[in-house]
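Just below is one structure, and these are the notes that go with it.
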Amino acid sequence: MKKVFFVLVIMALGMVAFAGVEVGDAAPDFKLKNIDGKTVGLSDYKDAKGVIVVFTCNHCPYAVLYEDRIIALSKKMKGLGFPVVAINPNDASKYPDDSFDGMVKRAEEKGFNFPYLHDESQAIAKAYGASKTPHVFLLAKGKDNKFSVAYIGAIDNDTENVSADTRTNYVEDAVTAVSAGKSPDPSTTKAIGCTIKWKKD
């Protein structure tokens, strides 16, 4: 009885969790609609050394805070063979700002230099086990030319926007490690942000 009550409380609070992936797992494939109307998937990155997948959205204050940092990350990492791909999994019926049209508008306003994909069914967010916006999954290509998960968590440790000089840039450090043939340390950190707005079953 206590277990049933606990599950009901968790569901009521909206803290839905999915198993998702762990570091070392094969990266779930995806093919999602980009803001330009075209479909983008992992198969489009055959020549990349890795892919930085960022689950994010339009309305969350944390996601908004990190927009400029994601743009800067994309600019820096693309040249190193690790392009950024952003994915919005939120239920737009709860937050209209996270609609596809809202995504197009936001990307134009901010000048996003990376694909911004719409996970309308939320299947990809569930497959990865994303729970926050933003939530990062660094994918690295192995000798078999397949992508596996090398890092999961936050972009950096400065969620309060204190100072760029004192930040620990987790994703950049993880890319540096992977590029050198090493495992990121840490390989996981806690993603800080708004909870993903899941659809009701």
Failed condition for Lys126, given (1) among the basic types (Lys, Arg); (2) surrounded by fewer than 21 Cβ atoms within 10 Å (Cβ to Cβ); (3) in contact with a Lys or Arg (Cβ under 7 Å, 6 or more places away or on another chain): (3)
Given (1) touching a His at 6+ places or on another chain (Cβ under 6 Å); (2) within 27 Å of Ser179 (Cβ to Cβ); (3) of a type in the set (Lys, Arg), index of the condition Lys33 fails: (2)
Of (1) closer than 30 Å to Lys141 by Cβ; (2) not in a helix (DSSP H, G or I), Ala92 satisfies every one except (1)
Members of segment 1-59 found to be modelled with pLDDT of 95 or more, out of contact with any helix residue (DSSP H, G or I) (no Cβ under 8 Å at 6 or more places or on another chain) and either hydrophobic (A, V, I, L, M, F, W, C) or closer than 22 Å to Ala154 by Cβ (or both), listed by number: Glu22, Val23, Gly24, Asp25, Ala26, Val40, Leu42, Ala48
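Filter segment 160-201 down to residues that are among the hydroxyl-bearing types (Ser, Thr, Tyr), in a loop (DSSP other than H, G, I, E, B) and modelled with pLDDT of 95 or more, then give me how many there are.
Summing the residues that are among the hydroxyl-bearing types (Ser, Thr, Tyr), in a loop (DSSP other than H, G, I, E, B) and modelled with pLDDT of 95 or more in segment 160-201 gives 4.
The values are calculated or read from the model by the stated rules, or taken from the named source; none is laboratory data. Treat the numbers as computed from the prediction; the structure is a model and nothing was measured. Neighbour counts are summed over all protein chains in view; Cβ atoms, including those assigned to glycine, are modelled from backbone coordinates with ideal geometry.
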